[in-house]
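The values are calculated or read from the model by the stated rules, or taken from the named source; none is laboratory data. Since this is a predicted model, take the numbers as computed values, not measurements. Cβ atoms come from the backbone with ideal geometry, glycine included; neighbour counts cover every protein chain shown.
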Amino acid sequence: MSAPPLERLPRHLAIIMDGNGRWAEQRGLPRHQGHAAGAKAVNRTVTACRELGIEVLTLYAFSEQNWARPEDEVEALMQLLHDYVHDERFEILDNGIRLTTIGDVDRLPAWVRRPLQALCDESAGNRGMVLALALSYGGREEVVHSVRRLAAEVAAGRLDPAAIDEAAIARGLYTAQWPDPDLVLRTSGEARLSNFLLWQSAYAELYFTDVAWPDFQREHLEEALRHYAHRERRFGKTGAQIRDEEAPC
Ligand code: IPE
Ligand code: IPE
Ligand code: MG
């Protein structure tokens, strides 16, 4: 297919990378092999998004709730994250990617957190695509965190409660510097958000595919982007209003 016209690309694409475990189980493999295959899909997707010109790519890699999984599975996921940082260092630095994280990364074990933080720091001055890994991330937890900070400001007498608006809450979110996700994509047939970017996705387009994350290829990404390019985002207005606004003067 031809690439979607650039002006219709999402600026911020957020992906819920789901289905690794079932992919492995269907093949009689241990779940961690599904995660390993999923890591390859991460590499393909990062490259494709960078080449297409996505500004911000947020990947849901590990939720706050995923800590409740069996210990050996959590361990395997941490090892894969560690290896990703090690193996993709040059891919990230050579291509101007700015690696960052969202979530409670202090919960990650130090042997993962340190090299991850080092690569985030090293790539902080890059001006290409932002690659945000959602790690130990929960959307509700994120909103609570922002509100708690505002409450502390109020308690200290520095903030008038009447001044708390949407922008004040958004400023306390991990994503404060970026546009809200335009498109949230989830693989493996599940049609739910699972605590991902709840506040930020208020007007995101949602796209669900049955393809399991380890099988996710560039063609599937392009298919999703093609769907996105044809959607009319109305933000509460009428279609006629939107078409008027978009019409050349
Ligand atoms: C997504 O795949 C990866 C993580 C949540 C870490 P899953 O591990 O959730 O795969 P399924 O949904 O069990 O198939
Ligand atoms: C969401 O997937 C989290 C990630 C993809 C990292 P889950 O597999 O954990 O979500 P549920 O439990 O099916 O809702
Ligand atoms: Mg899952």
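Can you tell me which residue within region 207-234, out of those that are over 22 Å from GLY53 (Cβ atoms) and either in contact (Cβ under 8 Å) with a residue 12 or more places away in the chain or touching a Pro at 6+ places or on another chain (Cβ under 9 Å) (or both), is surrounded by the most Cβ atoms within 10 Å (Cβ to Cβ)? It comes out as TRP213.
Residues of region 193-206 that are in contact (Cβ under 8 Å) with a residue 60 or more places away in the chain and under 11 Å from ILE16 (Cβ atoms): LEU193, SER194, ASN195, PHE196, LEU197, SER201.
Residues that are more than 8 Å from ligand 1 (Cβ to nearest atom) and over 13 Å from TRP213 (Cα atoms) within region 22-38 comprise GLN26, ARG27, GLY28, LEU29, PRO30, HIS32, listed in sequence order. Just one residue in the set ALA155, ALA168 is more than 25 Å from the chain's Cα centre (by Cα) and of a type outside the set (Lys, Arg); that residue is ALA155.
Of all residues in region 1-23, those being more than 13 Å from ligand 2 (Cβ to nearest atom), hydrophobic (A, V, I, L, M, F, W, C), farther than 20 Å from ILE92 by Cβ and modelled with pLDDT of 95 or more number 1. Going by what's in this entry, would LEU185 be described as in a loop (DSSP other than H, G, I, E, B) and either surrounded by 14 or more Cβ atoms within 10 Å (Cβ to Cβ) or in contact (Cβ under 8 Å) with a residue 24 or more places away in the chain (or both)? Answer is no for this residue. Each residue in region 39-73 was checked for being more than 14 Å from ligand 1 (Cβ to nearest atom) and of a type in the set (S, T, N, Q), and 3 pass. Among the criteria (1) buried (at least 20 other Cβ atoms within 10 Å of the Cβ); (2) within 16 Å of HIS220 (Cα to Cα); (3) more than 8 Å from ligand 1 (Cβ to nearest atom), the one GLY19 does not fulfil is (3).
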